[in-house]
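Scroll down for the structure; my scribbles are underneath it.
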Amino acid sequence: MSHLCLDTSAYSHFKRGAAQPLELIRRARSIVVPAVVLGELRTGFRLGSRPTQNEAELLRFLDESIVTVADIGDHTSAIYAELVCDLRRQGTPLPTNDIWIAATAAETGTTVLTYDAHFKHVSRVGCQVLA
């Protein structure tokens, strides 16, 4: 699992120094950060007490050579639609942003690194659920 797609929860725990995401991110060969995750993170930054520091730390992380920001494009939206339909048929809907994250992981061929077990319901995407 050396090609990761970071969920917001994984990045947040990583920045707090949690051992599991820290080790997995350090060993990763590539890391994809979906644009949706950036939106969630920046919302949290603005609502928190350290917006400037958190933004600076995020920009340093994004500047790492193995990190890529994944925008949402036409292909991502097609995968998103497929995932929404599959999840509804299974009776296991996920939060909208998490489906976008899963669609990004499917498009980029990466494994979602997360603390949210509901990603296991997305059959097209591998996930590593941290505890």
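Looking at Leu24, Leu59, which is the one that is part of a helix (DSSP H, G or I) and touching a helix residue (DSSP H, G or I) at 6+ places or on another chain (Cβ under 9 Å)? Can you show your working first?
Details: Leu59 fails: touching a helix residue (DSSP H, G or I) at 6+ places or on another chain (Cβ under 9 Å).
Sole residue among the options that is part of a helix (DSSP H, G or I) and touching a helix residue (DSSP H, G or I) at 6+ places or on another chain (Cβ under 9 Å): Leu24.
I'd like to verify a number: residues in segment 27-56 that are assigned to a helix (DSSP H, G or I), in contact with a Ser or Thr (Cβ under 8 Å, 6 or more places away or on another chain) and over 20 Å from Thr96 (Cα atoms), how many?
Residues in segment 27-56 being assigned to a helix (DSSP H, G or I), in contact with a Ser or Thr (Cβ under 8 Å, 6 or more places away or on another chain) and over 20 Å from Thr96 (Cα atoms): 1 in total.
Looking at segment 77-131 only, could you name the residues that are assigned to a helix (DSSP H, G or I), touching a residue at least 40 places away in the same chain (Cβ under 8 Å) and of a type in the set (Ser, Thr, Tyr)?
Across segment 77-131, the qualifying residues are Thr104, Thr108.
Can you name the condition, by its number, that Ser49 falls short on among (1) exposed (fewer than 13 other Cβ atoms within 10 Å of the Cβ); (2) closer than 26 Å to Glu23 by Cβ?
Just one mismatch for Ser49, condition (2).
Does Val37 qualify as being in contact with a strand residue (DSSP E or B) (Cβ under 7 Å, 6 or more places away or on another chain) and in contact (Cβ under 8 Å) with a residue 60 or more places away in the chain?
Working: in contact with a strand residue (DSSP E or B) (Cβ under 7 Å, 6 or more places away or on another chain): yes; in contact (Cβ under 8 Å) with a residue 60 or more places away in the chain: yes.
Here the answer is yes, as Val37 does meet what is asked.
Which residue, of Val33, Val37, Val84, Val67, is modelled with pLDDT of 95 or more, within 16 Å of Gly126 (Cα to Cα) and either of a type outside the set (A, V, I, L, M, F, W, C) or surrounded by 13 or more Cβ atoms within 10 Å (Cβ to Cβ) (or both)?
Numbers: Val37 fails: within 16 Å of Gly126 (Cα to Cα); Val84 fails: within 16 Å of Gly126 (Cα to Cα); Val67 fails: within 16 Å of Gly126 (Cα to Cα).
After ruling out the rest, the residue left standing is Val33.
The values are calculated or read from the model by the stated rules, or taken from the named source; none is laboratory data. No experiment lies behind these values; they were computed from the predicted model shown. When we count neighbours, we look across all protein chains shown, and the Cβ atoms used for this are built from the backbone with ideal geometry, even at glycine.
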